[in-house]
1. Would you point out which residue out of A103, A95 is surrounded by 14 or more Cβ atoms within 10 Å (Cβ to Cβ), assigned to a strand (DSSP E or B) and modelled with pLDDT under 95?
2. Hey, any hits in the range 107-114 for a residue that's part of a loop (DSSP other than H, G, I, E, B), within 16 Å of the ligand (Cβ to nearest atom), aliphatic (A, V, I, L, M) and within 16 Å of T192 (Cβ to Cβ)?
3. Quick check on my filter: what residues within the range 54-80 are more than 18 Å from the chain's Cα centre (by Cα) and free of Cβ contacts under 8 Å to residues at least 40 places away in the same chain?
4. Being of a type in the set (A, V, I, L, M) and within 16 Å of the ligand (Cβ to nearest atom) is the filter here, so list the residues in the range 38-67 that pass it.
5. hydroxyl-bearing (S, T, Y) and surrounded by 14 or more Cβ atoms within 10 Å (Cβ to Cβ): which single residue out of S169, S150 fits that description?
6. Which one of the conditions (1) under 20 Å from the mean Cα position of the chain (by Cα); (2) away from the ligand (no atom under 16 Å from the Cβ); (3) surrounded by 12 or more Cβ atoms within 10 Å (Cβ to Cβ); (4) not in a loop (DSSP other than H, G, I, E, B) does A161 fail to meet, given that it meets all the rest?
7. Counting only residues that are within 14 Å of the ligand (Cβ to nearest atom) and either surrounded by 17 or more Cβ atoms within 10 Å (Cβ to Cβ) or more than 13 Å from the chain's Cα centre (by Cα) (or both), how many does the range 172-183 have?
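The values are calculated or read from the model by the stated rules, or taken from the named source; none is laboratory data. The model shown is predicted, which means the values in this text are computed figures rather than measured ones. Every residue, glycine as well, gets a Cβ built from its backbone with ideal geometry; the counts of neighbours run over all protein chains shown.
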Amino acid sequence: MLFATPLARIKLAGHDVLDAALLAEGARMRAASEGVQKSNRGGWHSDGNIFDNPAACIQSLQKAASAAIHDLTRQVTSRVDPADLDMKLNGWMNANPQGGFNAPHTHPGAHWSGVYYVSQPAVDEGNSGMIEFLDPRSDLPNWRILQANSFRPKRKIRPDAGEIILFPSYLVHWVYPNETADERVTIAFNATFRKKRKKVK
Ligand SMILES: [Fe+2]
């Protein structure tokens, strides 16, 4: 396949304990900060880089996310070992209440973007809780008649709590409004690789 788009889904083992700790830490952060307005419409978006927070649950998620990003990077290239590069991971927490959603956006400048689902309210039907990706190639509507999976113009998934999803940062994505009375809480992040700086002796 030419110009394929990787999308990885990684379920963290024993995530219930981690999720409870992340929700408690999120509540503590929200009590201390009003947050910022980014792609979120309604709800709360933490400010700064969440991974600067030394709380054990945040650091444990950073470790899991970094490992998943290294694994995925090794699947798309054998020429570079991501461990030989510096990787900056910048993250934030999103809390989407009823009606809250994230408008379509990309994360320019980063390589990989990801989302960890801390809580994902269950639904029987509809699009609540779904994240949708839009294919960056042009003229795809013309291909609809062939119903070819790799030429579909968009694709939506509903990740579960405890799942990390990873995708290239250039991919346009957005989140459907939360149609439940419960909050959806996620930690989103961007990973950017840079050449390691040579040590000055
Ligand atoms: Fe995003």
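1. A95
2. Yes, there is a match, as at least one residue in the range 107-114 is part of a loop (DSSP other than H, G, I, E, B), within 16 Å of the ligand (Cβ to nearest atom), aliphatic (A, V, I, L, M) and within 16 Å of T192 (Cβ to Cβ).
3. Result: P54, A55, A56, R74, T77, S78, R79, V80.
4. I50, A65
5. S169
6. The one condition A161 does not meet is (4).
7. 4
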